[in-house]
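J.: Pasting in a structure now, in structure tokens, and then I'll have a few things to ask.
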Amino acid sequence: MSHSKSSSRIRKARGKRASAMLFLMLIFAMALLIFFATSCASVVKFFTAHRHAESAVEAASLAAARELSQVVVEDPNYGYVGLSDGAPTASSSIAQDGKPIPVVGINTLVATARTSMLVAKHLNNEEYLRLASLDAANTKAAARRLVEGLKLAMCEDVRAPLSISGKAVKPLTIARQTFIKSLASSRTMEAVDLKNFTLELGYLSQGGTTNTSLALSEVLAEVPAASAQNGCYKAFRDLAVAGQSFVFACVGAQPNLVAKDQFIADGGKSEMPSSIVRAKAELEFADVRDRVFGNVFCSACAAPFSLTDRAAAGVMIVGLPDGYPSGYLSLADYINDPRSSRTNMEMFRANGGDYPLDAQAMLTRDIDDGQTRTLSNVFVQGLYDWIRTAHGRVRLDSLLAVIGGRMQPSIGSMAYGQSLVYRFDKSGAVVVDGYFVSDVPNQIVHDRQVYTLGLNTLKANNAMWTVAFRDQVHNLGVANGGKHCGQLMELDGCLRPTGSLYGKTIDSKHGDLERKSYFDGGLAVEFVISSPQYN
């Protein structure tokens, strides 16, 4: 009997324990279900917020990159320099001559300096190499000056450079606004707080793209196939020539996203023209219950845009009103003749305005660079400065053939009393036309540009010839280029169409307040070799 009661008590106790266990398991299951439900909701919120944040930060980086393309720094050697080339417009800064000033893109400067070094290498001329090396160094300095300006602009420092129209550039403000607006449109901003938003400048470890074309073959340009893409130079690759480093910045026809895992922050390397902007953001959920997985971090990288360089190349005129000096049949003869390298010349600079047009203008000795000028160096300087106006858009094979070949028009023959005008066509090839000295009646020397006159200085085989030289594009920029900032001299109504000696002269379609020479081309350099004194 007692055994039966004991068994009953045991069964009841076990039943109570089982019920309690079942109850606890039910509570645990419900808690687990609630936890998973809450966690799943948090997971969904986290990844939804992250997805929207990634999209927003991409838009922000593109907006910042677009703003950076507006930044312009004033360089003492080249004038206004930016990531993008810019034609002179009514909203541009105005030079002392009352006309707008163009902006030269940093990649245009790099392409120009690199092409100059290629020409120097092929000509094997010491003075040409000196000038090319000087431009290579000045271009690196301009690139670093631009990078430092971009970094100031990105943090909106009071020292930050402005746009060409003189307006403040605010990439951080614009990018932040774009980020918030994008999140607001997806309603994510209602659930989060923006804890941090930053911009950073850098470059890409695997290189990038440019829209700066190779005007010549990769072989002649000395560009490895891996360092060119779609007929353009690749960015962030050292495309060295003759021991000089040349690196292009990454820009496109429009702002574009780039691989963020390749981003390297700018570390002050003088040879690296950093142009990539990285936007980074940190978001915190407003509801503490949604912070299970921590804050949302996102980033994106973008490259700025650059407009295509549209500046027309200049012309070089070689006036030969009395025919060819005996023994000087090519441009190479003028730059390489040992007799000319032993003949010193005194170079003058126009100061106080255009000489002799402006009342205060005068010619003073040009001794700024401390170089002793020789006649051969004068010819080299003229050739160098003319080629530089093509901004690297040069067919090297055509150029070298013209320099080494007989001086004559590309079409037809050279008649006595005619002279030659050298210009670049749209492909970068050199075209030579006959013309008359009287076609260019304006004989002024632009403010801060150079001139020399050597009476009986060119020693030909049977006579001594006089050489007059003026160079309107030797000194460039606002600081050093004078009232015209080293821009080409307008030749409106002077030049004739290519291949037409007697055709009607070309009149500009642009107004007098526009920078006609930017669109139409103009005089870069002129030599007049005349008045032979026979032995």
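All of the numbers you see were taken from the coordinates with simple rules; none came from a lab. From a predicted model like this one, the values you see are computed outputs, not experimental measurements. Positions of Cβ are backbone-derived with ideal geometry, glycine not excepted, and every protein chain shown enters the neighbour counts.
J.: Mind checking segment 363-468 for trypsin sites (Lys or Arg not before Pro) that DSSP puts in a loop (not H, G, I, E or B) and that have at most 15 other Cβ atoms within 10 Å?
T.: Filter output for segment 363-468: K426.
J.: Sticking with this structure for a sec: Starting with the fewest neighbours, write out T457, T505 ranked by other beta-carbon atoms found within 10 Å of each beta-carbon.
T.: In order of increasing Cβ crowding within 10 Å: T505, T457.
J.: For segment 189-269, state what percent of all Cα-Cα pairs lands in each successive 5 Å bin, counting from 0 Å until the bin that includes the largest distance.
T.: 3, 12, 20, 20, 15, 11, 7, 4, 3, 3, 2, 1
J.: A further question on this structure: Under 17 Å from a point placed 7 Å out from the Cα of R342 along the Cα-to-Cβ direction: which residues of segment 445-466 have their backbone N that close?
T.: Counting only backbone N, you get 457-465.
J.: Under a Cβ-Cβ cut-off of 11 Å, what is the net charge of the residues other than N256 that fall near it, where Lys and Arg count +1 and Asp and Glu count -1?
T.: 0
J.: Could you put D520, D397, D157 in order, starting from the residue whose Cβ has the fewest other Cβ atoms within 10 Å?
T.: Going from least to most buried by this count: D157, D397, D520.
J.: Grab the beta carbon distance between A184 and T89, set R0 = 30 Å, and tell me the FRET efficiency rounded to 0.05.
T.: Using R0 = 30 Å, I get an efficiency of 0.30.
J.: What is the extension gain from I27 to L453, computed as 0.36 nm multiplied by their sequence separation minus the C-alpha to C-alpha distance, in nm to one decimal?
T.: Value of the extension gain: 142.9 nm.
J.: Can you run the Rg to Rh ratio on segment 315-534? Use alpha carbon positions and the Kirkwood inverse-distance Rh.
T.: We get a ratio of 0.94 for segment 315-534.
J.: Taking amide H atoms as placed 1.01 Å from N in the peptide plane, list the residues 5 or more away in sequence, or in a different chain, whose amide H sits under 5 Å from that of D447.
T.: D354, Y355, K483, H484
J.: If packing is taken as the mean number of other Cβ atoms within 10 Å per residue, what is the order of 486-494, 105-113, 238-246, 409-417, highest first?
T.: Ranking, from highest mean packing down: 105-113, 486-494, 238-246, 409-417.
J.: Which aspartates and glutamates have a Cα lying under 12 Å from the Cα of K151, excluding residues fewer than 8 positions away in the same chain?
T.: The qualifying aspartates and glutamates are E200, D266.
J.: State the extension gain, in nm to one decimal, for the chain segment bounded by R406 and E156, taking 0.36 nm per residue of separation less the distance between their alpha-carbons.
T.: Using 0.36 nm per residue and subtracting the Cα-Cα distance, I get 84.3 nm.
J.: Measure up K99/K170; K121/K260; K99/K426; K99/K121 against 29 Å on the Cα-Cα distance and list the ones that go over.
T.: Listed pairs above 29 Å: K121/K260; K99/K121.
J.: Computed over the Cα atoms of segment 92-195, what is the convex hull's projected area averaged over all directions, in nm²?
T.: So the Cα hull casts an average projection of 10.9 nm².
J.: Find how much the distance from E126 to Y534 grows on full extension, using 0.36 nm per residue of separation minus their present alpha carbon separation; answer in nm with one decimal.
T.: Result: 143.8 nm gained on full extension.
J.: How do L216, L453 rank when sorted from fewest to most other Cβ atoms within 10 Å of their own Cβ?
T.: In order of increasing Cβ crowding within 10 Å: L453, L216.
J.: Let me ask another. Out of residues 5 or more away from F424 or on other chains, whose amide H comes under 5 Å of its own, with H placed 1.01 Å from N in the peptide plane?
T.: Sorted by chain and number, the residues that satisfy this are V431.
J.: Note down the nm distance, to one decimal, between modelled labels 7 Å out along Cα→Cβ at N295 and at D512.
T.: 6.2
J.: Pop out the ³J(HN,Hα) list for segment 458-473 in order, Karplus 6.51 cos²θ - 1.76 cosθ + 1.60 with θ = phi - 60°, rounded to Hz; leave Gly and Pro as x.
T.: Per-residue couplings from phi come out as 8, 8, 8, 5, 10, 6, 9, 10, 8, 10, 10, 9, 9, 10, 8, 10 Hz.
J.: Let me ask something additional. Can you check what the net charge comes to around G482, using other residues whose Cβ is under 10 Å from the Cβ of G482 (Lys, Arg +1; Asp, Glu -1)?
T.: It works out to a net charge of 0.
J.: Please give the FRET efficiency for Q262 paired with A225, using the beta carbon to beta carbon distance and R0 = 22 Å, rounded to the nearest 0.05.
T.: Efficiency for this residue pair is about 0.60.
J.: Within segment 410-430, what residues put their amide N at less than 20 Å from the label point 7 Å along the Cα-to-Cβ vector of T308?
T.: Once the point is set 7 Å along Cα→Cβ of T308, 424-430 turn out to lie under 20 Å by backbone N, inside segment 410-430.
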